[in-house]
1. Per-residue counts of other Cβ atoms within 10 Å, averaged by peptide: what ranking do you get for 207-219, 71-83, highest first?
2. Find out how many positive minus negative residues lie around Glu118, taking Lys and Arg as positive, Asp and Glu as negative, among other residues whose Cβ is under 9 Å from that of Glu118.
Amino acid sequence: MASTNQSSRPDVYSRITDKIIADLERGVRPWMKPWSADHAAGRITRPLRHNGIPYRGINVVMLWSASVAKGFACPLWLTFKQALELGGHVRKGETGELVVYANSITRTETKDDGTEAEREIPFLKGYTVFNAEQCEGLPAQYYASAQGLVLTPAQRIEAADVFFAATGADIRHGGTRAYYAEGADFVQMPPFETFRDTESYAATLAHELTHWTKHEKRLARDLGRVKWGDQGYAKEELVA
């Protein structure tokens, strides 16, 4: 058991890393939600398992990336066996996507002095899933679109605006760049109309406002940045 986990772990990690690097080299941002946010089940923000439970962690990025590459509009994913259990099947010739499951096992080991101690060993297991659009014969709800659902972007914009205004930040609009100007202490944003959707605008502004919190008048967060691209810069970007 242990030897299997140790041999498969590097392969799973390398497959994930290689996939993300390949996407970035193609100019694809795999962390961006690729499909419209609506399905018959309601407002969707993450890829879903066959039972409607959202995926977490790196699986979200991996399945978003696959949806971009293959043009899937459905957020639902199943294993080969799950498709069969639901009365359907994966179409012949379809290629699945890697997702991972993280867990740990506890093992009792004998120390040099003869005493025993338990050691927890984490492992990462990979398995394959298929999008519902790659399957046939599934129940109708797996193919249902968001017909009849009314988007309410104005409400989302209003809620976001209330939150952003409550920060008290100096938020300016114009130009083509989004950034936080620490010296003058303001956030610069492109016009709202230039963003592809409301979520992208809100996410970008939230990112820049996180940089805004580092000012000495607020959190006084200094991670050692000296120039663009150095370790201090990278740490601050990870915070945001």
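1. Result, highest mean Cβ count within 10 Å first: 71-83, 207-219.
2. -1
FYI, it's all coordinate maths here, none of it is from the lab. These numbers were taken from a predicted model, which means no experiment stands behind them. Quick reminder, even Gly has a Cβ in these numbers, built from the backbone with ideal geometry, and neighbours come from all protein chains shown.
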